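The values are calculated or read from the model by the stated rules, or taken from the named source; none is laboratory data. This structure is a prediction, so every number in the text was calculated from the model and none was measured. FYI the Cβ positions are ideal-geometry reconstructions off the backbone, even for glycines, and counts take in every protein chain you see. Just so you know, the surface numbers come from the protein's heavy atoms only, side chains and all, with ligands and any DNA or RNA stripped out. Shrake-Rupley method; radii C 1.70, N 1.55, O 1.52, S 1.80 Å.
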Amino acid sequence: MTTAADLPGEPPAANGERSRSFAGTWRLLRFLIRRDRIKLPAWVGSFGLLTIYLTNALPVAYPEEDLDSLSGLFADPAGRLLIGPSYGLDNPTYDRLIANGYGLYFLIVAALMSILLVVRHTRAEEQTGRAELVRASVVGAKAPLTAALILAVITNALVAVVITALMVAAGHGGGGSFLLGVSVAAGGLAFAGLAALTVQLTQFSRAAAGLAGAGLGLAFALRAGGDMTRVGGNTLSWLSPLAWPQQTAPFVLDRWWPLGLSFAFAVVTAAVGFVLSTRRDLGASLLSTRTGRPTAAEWLRSPLTLALRLQRGSIVAWGAALIISGFLYGIFTESLLTGWEDLPDTFVEVFGTGEENIVTGYLAYMSVFMAYLAAAFAILAVHGYRSEETTGRGEPVLAAPVSRWGWLGGNLIVTAVAAVALLAAAGAATGAGAAIVTGEVAYVWELTASHLGHAPAVLVLLAIAALFFGVLPRAIGLTWAVLAYGIFFGTFGGLIDPPNWLFDLSPFEHAARMPLEPFALAPVAALTVLAAGVAALGLLGFRRRDIDTT
C-alpha cells in the first residue's frame, strides 16, 4: 500500500492521521510553482519596478533642496490619511519618503497579491473540480491549503529580497531597506492568512476574495481613522493589520517588534482556516449557499443581461473603491491650499502656478489618474471574458442561440457603460470632497465633466484588450503595457521633456484636462471613433477563431 513516506521527493513523515492529512504537500507545492511560473515572477517583478521607479523618479520630481517643503503636505490629517503615520516626514529624505510615504501602497499590493494567490490555489480549484481530481491521488486533506500558504511565504520572501536589494543598490541604508522589505512581506502574509480563513466560508472564489478584500478595506479604514489624529497614529491604528508594518518606521525608528503582530495574525488566521477546513466537505462551504431559482428571470435571458449579472459584483466593488478614493483625494485639496507656496518647483510645474492653478491643476490630474484606474477595471473585465472561455462556461452559452458577436458585444457594452459610470461617480465624489474643504460647490459638476472627458481614452484601452481577446487571446496582458506607458508619460513626461510624439502615443494625453483647460470636442470624438473601430476588429477576430478552453 502506498503511504506518504513512499511518495518520491516527500520528506519522511510520522505515522498517524496527522501525517496523512499533509501527504503530498511538497509535490503539490512544486506543481503550484510550475503553474505560476509566469504569474509569480510578474508579481515579484512589479515590486521591483515600483522600487526602481521611486528611487529614480523622486530625485527628479523633488530635488534635494526642495524636500523640506513636502513636510507641510504630510503634516495635515488628509495627508496622513493617504500615506500612513508619517514617521520622519517632518524632515524628509528620499529613503524616508519611499518607506513611510509610499510604503502603504507596497503593503496594499502585497495584500492583494497574497489574497489572490491563496484563493486561486484553494477555493478556485475546488470550484472548478480540479481539487477533487488532485485529492483522488495520495494527497492529504490539508495539503492544498498548506502548499498554497507555503507558496505565499516564498513569494512574499522574494518580494522582501527584491525590495531590499534594489533599495541598497540605489544607495539607501541596508538596515532600513531590509526592514522595509520584511515589513511588506509581513503585511502580505497577514492577508494570506486571512484569505486562508475566508476560503472556508464561501463556495465561490470571487466571494472568498471579496470577503478578504473587505477585510483589507476595513484595515485601511481603521488605519486611516487612527493616523489622521496625529503623527504616529493612535490606538485605533494598532487594530489594523495594515498599520503594524508601517509602525516599524524604517529609516526613522527602525523597530522590528510590530512585525510580531503581523506574523501572529498570519499564524492565527491560517490556523483557524485549517480548523474550519476539517468541518466541511470538499467543494462545500461553512456559510450556507442560497438556492437559486429553477429558471432565469425574463430580464436575464439575453447576452447583455447575462454579462451585467456576471460583472455586477466587480462593478459595485470598483465603484465603492473609486468613490471613496475620489472623496479622499478631493479632501486632500485642503493641504494644497495651506501649503502651496512651499511646494517644490517640479510639483508646481506639473499642477500649475499660483494658488488657483495649483488646485485646479491637481484636480485635473486626479481626473486622469481616475481614468487610469477605470482602464484597469476595463482590462480586468476582459480578463474575465477570457476566464469564462477557458473554464468552459462560455461554450454552453455559445452553444445556445447566441451569436459570438452577441456574447462578446454584450460583455463589451456592459464594461464600457460601467467604466463611464465609474468615472462619473469618481468625479462627483472628488468634486464633493473638494467642495467641502474649499466651499466651491461648482467643483462637483466641473470634476464630473472632467472625469467623463477621459472616458474615450478608457474605451480605447478596452478596445485594445478586446482586440487581443478576439485575435490573440493569450496576449491580453500586453494591454497593461499600454496602460503603464500612459501612466508614466502622464505623470513624469513633463519632467523629462521627451518629444511630443511620445506623448501622442498615449490615449490619455489628448483630451483636455478640465477644469484647468477648456473642453475640446475633436480629440474626444476621434478617440471614440478609434475605440469603436478597434473593438469591431476584436469582434471580427473572435467570430473567426476557435473557442479556446486551455
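Expressed in nm to one decimal, what extension gain is obtained for the pair Asp90 and Leu328 from 0.36 nm per residue of sequence separation less their Cα-Cα distance? If you can, show how the numbers build up before the last one.
Values: separation 238, 0.36 × 238 = 85.68 nm, distance 2.18 nm.
So the chain would gain 83.5 nm between Asp90 and Leu328.
Of the residues Ile413, Met370, Thr360, the one whose Cα sits farthest towards the positive end of the charge dipole of the range 353-425 is Ile413 (charges of +1 on Lys and Arg Cβ, -1 on Asp and Glu Cβ, taken about the Cα centre). Taking the Cα centre of the chain as origin and assigning +1 to Lys and Arg Cβ atoms and -1 to Asp and Glu Cβ atoms, the resulting dipole is close to 3180 debye. The magnitude of the dipole of the range 446-550, with charges of +1 and -1 set on the Cβ of Lys/Arg and Asp/Glu and taken from the Cα centre, is near 440 debye.
For the range 446-495, the ratio of Cα radius of gyration to the globular rule of thumb 2.2 N^0.38 Å stands at 1.36. Positive contributions from Lys and Arg (+1) and negative ones from Asp and Glu (-1), summed over other residues with Cβ under 15 Å from the Cβ of Ser262, come out at +2. Dipole size of the range 221-289 about its Cα centre, with +1 on Lys/Arg Cβ and -1 on Asp/Glu Cβ: approximately 80 debye, rounded to the nearest 20. Dipole of the chain computed with +1 at Lys/Arg Cβ and -1 at Asp/Glu Cβ about the Cα centre; of Val252, Val139, Ser325, farthest Cα towards the positive end is Val139. For the range 396-550, relative contact order (Cα pairs under 8 Å, six or more residues apart, normalised by length) works out to 29 percent.
Can you give me the relative contact order of the range 443-533 as a percent, contacts being Cα pairs under 8 Å and 6 or more apart?
Numbers: 75 pairs, mean separation 40.3, N = 91.
Relative CO of the range 443-533 lands at 44 percent.
Under 5 Å between amide hydrogens, built in the peptide plane, is the criterion, and for Thr248 it picks out nothing among residues at least 5 positions away or on other chains.
Suppose accessible area is computed on protein heavy atoms with a 1.4 Å probe; arrange Glu65, Glu395, Glu389 from highest to lowest. Mind showing how you got there, number by number?
Details: Glu65 145, Glu395 95, Glu389 5 Å².
Accessible-area ranking of Glu65, Glu395, Glu389, largest first: Glu65, Glu395, Glu389.
In percent, what relative contact order does the chain have, based on Cα pairs under 8 Å that are 6 or more apart in sequence?
Values: 849 pairs, mean separation 75.8, N = 550.
It comes to 14 percent, rounded to a whole number.
Per residue, the convex hull spanned by the Cα atoms of the chain measures out at 169 cubic angstrom.
What does the C-alpha gyration tensor say about the overall shape of the range 446-550? Classify as rounded when a/c is under 1.5, otherwise prolate if a/b is larger than b/c, or oblate.
Judged from the Cα gyration tensor, the range 446-550 comes out prolate (a/c at least 1.5, a/b above b/c).
What the phi angles of the range 227-244 give under the Karplus curve with 6.51, -1.76 and 1.60, with θ = phi - 60°, is a coupling list of 6, 5, 6, 6, 4, x, x, 10, 4, 4, 4, 6, 8, 9, x, 6, 7, 4 Hz, glycine and proline written as x.
From its DSSP helices (H runs of at least four residues, each -39,500 (n - 2.57)), the chain gives a residue-normalised ellipticity at 222 nm of -22500 deg cm²/dmol.
Scoring 477-489, 321-333 by mean Cβ neighbours within 10 Å over their residues and listing the highest first yields 321-333, 477-489. Legend: Rg and Dmax of the range 147-206, from Cα coordinates, 14.6, 48 Å.
Summing charges over all other residues whose Cβ lies under 14 Å from the Cβ of Leu107, with Lys and Arg as +1 and Asp and Glu as -1, gives 0.
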